[in-house]
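J.: First the structure, which I've put down as structure tokens, then a few questions once you've had a look.
Here, each number is a calculation from the coordinates, and none is a lab measurement. No experiment lies behind these values; they were computed from the predicted model shown. Cβ coordinates were reconstructed from backbone atoms using ideal geometry, including for glycine residues, and neighbour counts include every protein chain displayed.
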Amino acid sequence: MKNVTSQDGYIVFQKFFTDLVKRETVVVVWQISADGTRRVHNCVLSSYKYEAGILNFLTHAGQGLQLEAAEVYCYSKNEAVIFKTQLRGQAVQMPGVLCFLEGPDIQVIKASVGIDLPDGYMRGKIMATQKSQRDQALFDEQLAKISTSQEDKIFADKREAPRLRPKEDKIITCQRAGEPDMSQNFLLFDLSRGGLGFKIIEEGLFGRGQFVEITALEGQVLDQPLIGEVMSVRDLAPEDVGWKVGIKFVDEVPKI
């Protein structure tokens, strides 16, 4: 993710908002209710006033957007840009920062608000579509116990959503892809919608570039294994004894 501020990127801001108006580009606007649900609107930017710091949105029906006094999140899929801001009266305040997104960030947004994204901005399919409803529920249950809001992750000053440590020990069952004989239980280190990390005690069990299958979460066997690619294996010392294996979720093991 690349962030551009209004002070450092005056020309970028002007061009971005001018293009939104001229092209009548769809902008997804949402807010989070007190109960955690998201109110999502498909809008267009009808006008903006840079010096006054005002954005005026209209719904597809040409009506003004009715928003509550809470943080406002705006996303343009055509430009792959997201920003958060506040209300100023009945208008939306111009943000201080525009966040230009990369593939992992976009996947987080889609998982959060169900936005239909064009293939041109995707670097891989959403692995959630490969799960059964039961598997998805099991995964979401584990993630919900340790996760903050997706919006907080998106706007963290990092390239992708940070993985979060569980507050209590959790176990996954994992094996190298196609090698059920070496299936073992491992301590979950961290988890996000895009991947996870787990702890190993025996060095050399997994290596960067290998593919793994996660067959159970907390003892509950999945209908379909979660597939992951090993992205890193790092020594936990002096923090802890053992190694952390970091994986990202993928759709399938590539055929050689």
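J.: Beta carbons within 10 angstrom, averaged per residue: use that to sort the peptides 63-71, 225-233, 47-55, highest first.
T.: 225-233, 47-55, 63-71
J.: Another question, if that's okay. Please label the shape of region 1-74 as rounded, prolate or oblate, based on the square roots a ≥ b ≥ c of the eigenvalues of the alpha-carbon gyration tensor (a/c under 1.5 means rounded; beyond that, a/b larger than b/c means prolate, else oblate).
T.: Oblate shape, in that a/c is at least 1.5 and b/c is the bigger or equal ratio.
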